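Structure first, then comments.
The values are calculated or read from the model by the stated rules, or taken from the named source; none is laboratory data. Predicted, not measured: the structure shown is a model, and the values here were computed from it. Glycine also receives a Cβ, built like all others from the backbone with ideal geometry; neighbour counts cover every protein chain displayed.
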Amino acid sequence: MVDNYLSDELWRAVAPVLPGKAGDPGCSGRDNRLFLEAVFWILRTGSGWRNLPPRFGKWYTAYTRYHRWERKGVWPRVVVALRQSGASDFQYDEFGVRFASRDAAGPREHSRNAGEARESATRGAAVFPLSGATATAIGTG
């Protein structure tokens, strides 16, 4: 059994904010839904990219695509679309997109600086940093 995060309702809410749909310039995205499931799996489990199950495709392809979307500012739009549809499992802040446990009471403490967060992300941690431009665009930088 595959444990998917995106219900059909959540997928319909988030699909319009994703790059690679019909009408967008460039090539179309290959299975955006599966890619989102891969990223959400990484975030929910805290696993490194290299531990991504084969059902999601090649780990390095997902890793590279994640960072391309981060540079394009896609992740804040994804989180907003999910929240507007009632899903609040993810948050986006100066450290990037990450899983926000429902059990957590109040805001989380950040003990690392942005440079350490970037370093962890390259080692496969489940914290994805913002670029300076993205942070400024969403008002966190």
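Numbers below:
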| quantity | calculated |
| --- | --- |
| Test: residue in region 74-94 that is at negative phi, at pLDDT 90 or above and of a type in the set (Phe, Trp, Tyr) | yes |
| Search result, residues across region 59-97 that are more than 18 Å from Thr45 (Cβ to Cβ) and in a strand (DSSP E or B) | Tyr92, Asp93 |
| Of all residues making up region 25-45, the number that are farther than 22 Å from Leu10 by Cα and of a type outside the set (A, V, I, L, M, F, W, C) | 2 |
